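I have placed the structure first, in the form of structure tokens, so that the comments after it can refer back to it.
Just so it is clear, none of the values below were taken in a lab; they were calculated from the coordinates. Quantities reported herein were computed from a predicted structural model and do not represent experimental measurements. So basically every Cβ, Gly included, is an ideal-geometry build from the backbone, and we count neighbours across all protein chains shown.
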Amino acid sequence: MALLTICRAAKHNAISLATLEELHDAVGQAAVDDAVRVITITGEGERAFASGSDLGEVLHRDFKKALEPIVQGLADRLERLPKPTIAAINGICMGGGLEVALGCDLRVATPNAKFATPEGKLGIIPGGGATARLPRIVGRGWGMEMLLMGEPIDAERALAIGLITRIVSQDELMAEARRMAEHLASFAPFVPRTMKAMVNFGMEASLAGALLLEKYAQGALVQTEDKTEGITAFLEKRPPQFKGR
């Protein structure tokens, strides 16, 4: 597992453009590292995953800067990356910080986590993908509630609406993220990346198109050596030895 930590604890891990560039670089390195099977993102300390974009920079952001790919690009990259991604959310997760988490495949949080899209109170709207991803993840109703009202919700509410799927104590957060990563890494390498691609495509395609592609994807995987190994190991009641072939 590659662990990427947003380190601006003094500013509640507010995300500057420099931070985004560093995260882009780190994700890029992890993406091409064959030893890395899963990428996890968290925030430094116990108070915040990321409190949002650095408002000192947003104050001076003009039209041209707002259109730069880096603003939306990190969540896009995490979403489209073949490797599974996990957001380990400790504390405040708002604005641009929430948008980074929305780009991840899995989100686990501590009981003190708070989630919000407060941009409307600042005279702007989200610019990192929240208006598109949040309603797709939690449904239109709660998506509109969070986007329009801008009020924070707690971890229990986030769990109930599907924004996160697990709540663990602060002491257990990183251990749980590691367990999740190790579980994913135990699969045949083709499985998580194919599953992720199928879901991402299927969410945008027609049902018929998604089902057709699923058939072809399964048809490709049943021809792999790992399929034979996985089923044989199950029947022989032993751990599989996958090789990515």
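Suppose the chain between A220 and S206 were pulled fully straight at 0.36 nm per residue; how much longer would it get relative to their current alpha carbon spacing? Intermediate values should be presented prior to the final figure.
Numbers: separation 14, 0.36 × 14 = 5.04 nm, distance 2.13 nm.
Extending this stretch completely gives an extra 2.9 nm.
Evaluate Rg over Rh across the chain, taking Cα atoms for both radii and Kirkwood's formula for Rh.
On the way: Rg = 18.9 Å, Rh = 19.0 Å.
Expressed as Rg/Rh, it is 1.00.
Within segment 172-195, which residues have the backbone N less than 14 Å from the label spot 7 Å out from K237 along Cα→beta-carbon, could you tell me?
Nothing falls inside the zone, counting backbone N under 14 Å.
Based on the mean of other Cβ atoms within 10 Å per residue, sort peptides 50-59, 204-213, 33-42, 164-173 so the most packed one is first.
Working: 50-59: 19.5, 204-213: 11.4, 33-42: 17.8, 164-173: 15.7.
So the peptides 50-59, 204-213, 33-42, 164-173, ranked by packing, come out 50-59, 33-42, 164-173, 204-213.
Between L17 and L148, what's the calculated FRET efficiency when r is the beta-carbon distance and R0 is 30 Å? Round to 0.05.
0.65
Using only the alpha-carbon atoms, what does segment 190-235 span along each of its principal axes? Please give whole angstrom values in decreasing order.
36, 16, 15
Can you sort M203, M146 from fewest to most other Cβ atoms within 10 Å of each residue's own Cβ? Could the numbers behind the result be given before it?
On the way: M203 10, M146 25.
Sorted ascending by nearby Cβ count, the order is M203, M146.
Considering Cα pairs under 8 angstrom that are at least six residues apart, work out the relative contact order of the chain and quote it in whole percent. Don't jump to the answer; show the numbers that get you there.
Values: 410 pairs, mean separation 40.9, N = 245.
Relative contact order here is 17 percent.
Checking the a/c ratio against 1.5 first, then a/b against b/c, what shape does the Cα gyration tensor give for segment 138-245?
Working: a/c = 3.77, a/b = 1.47, b/c = 2.56.
It comes out oblate by the Cα gyration axes.
Could you calculate, for segment 126-180, the ratio of the Cα radius of gyration to the Kirkwood radius, expressed as Rg to Rh? Could you put the intermediate results ahead of the total?
Numbers: Rg = 13.1 Å, Rh = 12.5 Å.
Ratio value, two decimals: 1.05.
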